[in-house]
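The values are calculated or read from the model by the stated rules, or taken from the named source; none is laboratory data. Since the structure is predicted, the reported quantities are computational estimates derived from the model, not experimental observations. Cβ placement follows ideal geometry from the backbone for every residue including glycine, while neighbour counts extend to all protein chains displayed. Calculation scope for accessible area: heavy atoms of the full protein, side chains included, ligands and nucleic acids excluded. Shrake-Rupley method; radii C 1.70, N 1.55, O 1.52, S 1.80 Å.
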Amino acid sequence: MSQIELSHATGIKQSRISEFETGRIPTANMTLKTAVTLAEALGVHAEDLLD
């Protein structure tokens, strides 16, 4: 899934998704709500997204 597709599926800005993916913002700093939203869209557990 592309960042743009994920952004559309979650309502999270593509630029924020990019920051998490590139490490500019550590995933450990994402909110629980963001982690759950991304995890649901990706079909994984929220814990899998956190450092």
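Take peptides 43-50, 13-20 and line them up by average Cβ neighbours within 10 Å, highest first, as a rough protection proxy. Could you put the intermediate results ahead of the total?
On the way: 43-50: 12.1, 13-20: 14.9.
Highest to lowest by the protection proxy: 13-20, 43-50.
Given a 1.4 Å probe, how much area per residue of the chain is accessible, in Å²?
I get 71 Å² per residue for this part.
Tell me the label only: which of [x] 22.6, 70; [y] 17.0, 57; [z] 9.7, 24 is Rg and Dmax of the Cα atoms in Å as calculated from this structure?
Step by step, Rg and Dmax of the Cα atoms in Å for this structure corresponds to label [z].
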